[in-house]
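Working notes for the structure below.
None of the figures in this text is laboratory data; all of them are computed from the coordinates on show. From a predicted model like this one, the values you see are computed outputs, not experimental measurements. All Cβ positions, even for glycine, are placed from backbone atoms using ideal geometry, and neighbour counts span all protein chains on display.
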């Protein structure tokens, strides 16, 4: 006698004939055989690309014209582009640091004390004996606890 | 009157002077070290030597006179606008607080904040350039909205004392603020 199966009242399909496999896809950075192949292909392609770039940079213009390749950038750019890239990299490092320092709130800004999320939090009543909700403690209370409480005085001495 | 060896955030020695005028009135003065004669002479000599070498190559006397003028004007500007001699905080219970800074030339700037606008005086930590410093600040509130902090006035901005000095001033201020 088969045990009575409890049917969920909202089930639409009466009988499941296909078995669905649920595959857990884990995104992890660990090495895999496919990733090794991708890496090697990219390595070969980049080495080949560099070889082609050197070829274009060193072969004189006349020989390229003889083959039929006439509409290529000037040889000036063979030097200019790498130098531009390196200088841009260095300057962007300095500018990133400067933008960070510029965006830091000054000492007289209210953003150092509180923000709109901390001000908007209300006094929610928690269940008896339950874990209270995480909240922002006001700076006055923090100061009292650090510098005025008897424990603070004890720990400082 | 107390005078202990405190330092500012970069390690230079400063001095704190707490004066209790009465039960509800206290004044704290943080004094920075004075302009040292040696440093002034070193700067002046460097600038004038540089001007003399430029004159040696260009033979233009305007370089020398402009160097002298720049040194004099620069020193006067520094003493009058930049170099702070001492900063003081005067707390009068139920009346307000007065913040004043006195420059090396004798110029004094004063600000008075009335007690109804003051929410609290706290020690806050904030990012300043490449470091995080403790600084004492007055939290101001709008009388119409007593729960929210409307603005922040940092104190002792030029001398920037370290935490031990700030804790002393903080404890003393809280005694007065809690009474009123």
Taking R0 as 35 Å, what's the FRET efficiency between residue B:78 and residue A:100 from their Cβ-Cβ distance, rounded to 0.05?
-> 0.70
Which FRET efficiency value, to the nearest 0.05, is calculated for residue A:61 and residue A:93 with the Förster distance at 30 angstrom and r the Cβ-Cβ distance?
-> 0.25
Given the Cα-Cα distance of residue B:158 and residue B:178 and 0.36 nm per residue of separation, how much length would full extension add, in nm?
-> 4.4 nm
Dividing the convex hull volume of the alpha carbon atoms of region B:37-81 by its residue count, what do you get in Å³ per residue?
-> 53 Å³
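What relative contact order, as a whole-number percentage, does region B:122-171 give when Cα pairs under 8 Å and 6 or more residues apart are counted?
Values: 67 pairs, mean separation 16.7, N = 50.
Relative contact order of region B:122-171: 33 percent.
Given the rule -39500 (n - 2.57) for each run of at least 4 DSSP H residues, summed and divided by the residues of chain B, what is its mean residue ellipticity at 222 nm, to the nearest 500 deg cm²/dmol?
Details: 3 runs with 56 residues, N = 180.
Taken over chain B, the calculation gives -10500 deg cm²/dmol.
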Specify whether the C-alpha gyration tensor of region B:112-180 places it in the rounded, prolate or oblate class, a ≥ b ≥ c being the square roots of the eigenvalues: rounded for a/c under 1.5, otherwise prolate if a/b is larger than b/c and oblate if not.
-> oblate
Calculate the mean, over all residues of peptide A:104-116, of how many other protein chain Cβ atoms lie within 10 angstrom of the residue's Cβ.
-> 5
Binned at 10 Å from zero, the C-alpha pair distances of region B:59-113 give percents of 22, 29, 21, 14, 9, 4, 1
Is chain B best put as rounded, prolate or oblate by its Cα gyration tensor, with a ≥ b ≥ c the root eigenvalues, rounded for a/c under 1.5, and otherwise prolate when a/b is larger than b/c, oblate when not?
-> prolate
Does region B:4-76 come out rounded, prolate or oblate, given a ≥ b ≥ c as the square roots of the eigenvalues of its C-alpha gyration tensor, rounded meaning a/c under 1.5 and, failing that, prolate meaning a/b above b/c?
-> prolate
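Just counting partner chain Cβ atoms within 10 Å, what average do the residues of peptide B:159-168 show around their Cβ? Provide the component values of the computation, followed by the final result.
Values: counts 0, 1, 0, 0, 2, 1, 0, 1, 6, 1.
Rounded to a whole number, the mean comes out at 1.
How much length, in nm to one decimal, is gained on full extension between residue B:68 and residue B:44, taken as 0.36 nm per residue of separation minus their Cα-Cα distance? Present the calculation step by step, with values, prior to reporting the outcome.
Values: separation 24, 0.36 × 24 = 8.64 nm, distance 0.89 nm.
7.7 nm is the gain from fully extending residue B:68 to residue B:44.
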Quick one: A:107, A:89, B:95, fewest Cβ neighbours within 10 Å first, how do they rank?
-> A:89, B:95, A:107
Compute the distance in nm between two label points, each set 7 Å from the Cα along the Cα-to-Cβ direction, one at residue A:85 and one at residue A:141.
-> 5.5 nm
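Report, as an integer, the average count of C-beta atoms from other chains found within 10 Å of each Cβ along A:143-150. Could you put the intermediate results ahead of the total?
Working: counts 8, 5, 0, 4, 9, 6, 0, 0.
So the per-residue partner count for this stretch is 4.
Taking the Cβ of each residue in B:151, B:159, B:32 as the centre, tally the other Cβ atoms inside 10 Å and list the residues starting with the fewest. Intermediate values should be presented prior to the final figure.
Details: B:151 16, B:159 24, B:32 21.
The most exposed by this proxy come first: B:151, B:32, B:159.
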Length-normalised contact order for region B:1-130 - Cα pairs under 8 Å, 6+ apart - percent | 18 percent
How big, in percent, is the set of alpha carbon pairs in region A:57-131 lying more than 20 Å apart?
-> 69 percent
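Taking Cα pairs under 8 Å and at least six residues apart, what relative contact order does region B:56-180 come out at, in percent? Display every interim value, and only then the final one.
Numbers: 179 pairs, mean separation 23.4, N = 125.
So the answer I get is 19 percent.
Taking the number of other C-beta atoms within 10 Å as the exposure measure, put B:107, A:133, B:26 in order starting with the fewest. Mind showing how you got there, number by number?
Values: B:107 13, A:133 9, B:26 20.
Placing the least packed residue first, the sequence is A:133, B:107, B:26.
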Longest principal axis of chain B (C-alpha) makes with the long axis of helix B:61-77 (C-alpha) an angle, in degrees to the nearest 10, of 10 degrees
Mind pulling the angle between the C-alpha long axis of helix B:163-179 and the longest principal axis of chain B? Nearest 10 degrees, somewhere in 0 to 90.
-> 40 degrees
In whole percent, the Cα-Cα distances of the protein assembly as shown spread across 20 Å bins from 0 upward as 17, 31, 24, 22, 5, 0
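For a Förster distance of 45 Å, can you work out the FRET efficiency between the beta-carbons of residue A:78 and residue A:32, rounded to the nearest 0.05? It would help to have the intermediate numbers written out before the result.
Numbers: r = 38 Å, r/R0 = 0.84.
Efficiency computed from Cβ-Cβ geometry: 0.75.
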